[in-house]
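To keep things clear, I will list the structure first and then write my remarks on it.
The values are calculated or read from the model by the stated rules, or taken from the named source; none is laboratory data. Keep in mind that what you see is a predicted model, and the values were worked out from it rather than measured. With ideal geometry, Cβ positions are generated from the backbone for all residues, glycine too; neighbour counts draw on all protein chains shown.
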Protein chains: 2
Amino acid sequence: MEQDETIQNECGKTIMAINDTMDILGGKWKISIIACLCYSSMRYSEILKKVRGISGKVLSRELKELEINGLIIRKVLNEGPIAVEYSISDYGKSLKELTLTIADWGLNHRQFVIKGMAK
Amino acid sequence: MEQDETIQNECGKTIMAINDTMDILGGKWKISIIACLCYSSMRYSEILKKVRGISGKVLSRELKELEINGLIIRKVLNEGPIAVEYSISDYGKSLKELTLTIADWGLNHRQFVIKGMAK
């Protein structure tokens, strides 16, 4: 019974922690944007191309929210045509393992589905 | 330039894999439900209590989708009042690391925010 209670408490704590993460990374796109910027800094137009299916309006909103939460850095480049570059912040880098774990599972899942269909 | 291209390709593959995962686990609740069932099998009413804020209608839909994707198992218990128990499938267990990685980041983030506010 006591052990049951410990498990229940741990479960509750884990769910609370997952909610905390998803409050920051929730929605369809943020994890992809972070994963992108973990590879290299990119201009707005490059991210728009990489994260297929996202609209310009939604990308702007997502970038703004990630910037407010200190996960990415926005920099206006002083070059000919005005361009904005986004890079991952030191704090944002703490998400690298998370993005790779999520990507790994997706890769395995694709294999799993392909194998299932081949049966 | 060649290295640049390799990075770009890897970035594209990672984003595709993340999309594959999020197609299965997207939305606000599924990761929490999976995390819950990784601790122990639970009845519908228990999950409803654990995953705070979810409505009965949404929980039913989420459970159905997770069942269709082979991540959880639904079992009708032959006891007095009819009850339904959900448990994690062997395949669903492959998500345990992912849920814990997400929870870990949430725990650290909470500490980070608290420290920031204390400054």
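A few points about this structure:
- If you go through the stretch A:32-85 and keep only what is surrounded by fewer than 12 Cβ atoms within 10 Å (Cβ to Cβ), touching a helix residue (DSSP H, G or I) at 6+ places or on another chain (Cβ under 8 Å) and closer than 19 Å to residue B:14 by Cα, you end up with just A:52.
- Residue match in the stretch A:103-114 (condition: in contact with a Cys (Cβ under 6 Å, 6 or more places away or on another chain) and β-branched (Val, Ile, Thr)): no
- Residue count for the stretch B:26-39 under the criterion of being more than 15 Å from residue B:103 (Cα to Cα) and in contact (Cβ under 8 Å) with a residue 12 or more places away in the chain: the result is 1.
- Failed criterion for residue A:34 (all others in (1) under 14 Å from the mean Cα position of the chain (by Cα); (2) more than 26 Å from residue B:28 (Cα to Cα) hold): (2)
- In the stretch A:86-119, the residue that is nearest to the other protein chains (Cβ to nearest Cβ) out of those that are assigned to a loop (DSSP other than H, G, I, E, B) and loosely packed, with under 13 Cβ neighbours inside 10 Å is A:90.
- Residues located in the stretch A:6-28, provided they are closer than 13 Å to residue A:71 by Cβ and either of a type in the set (Phe, Trp, Tyr) or more than 8 Å from every other protein chain (Cβ to nearest Cβ) (or both): A:23, A:25
- Unique match (being at pLDDT 95 or above, under 30 Å from residue A:33 (Cα atoms) and among the acidic types (Asp, Glu)) among B:10, B:85, B:65, B:5: B:65
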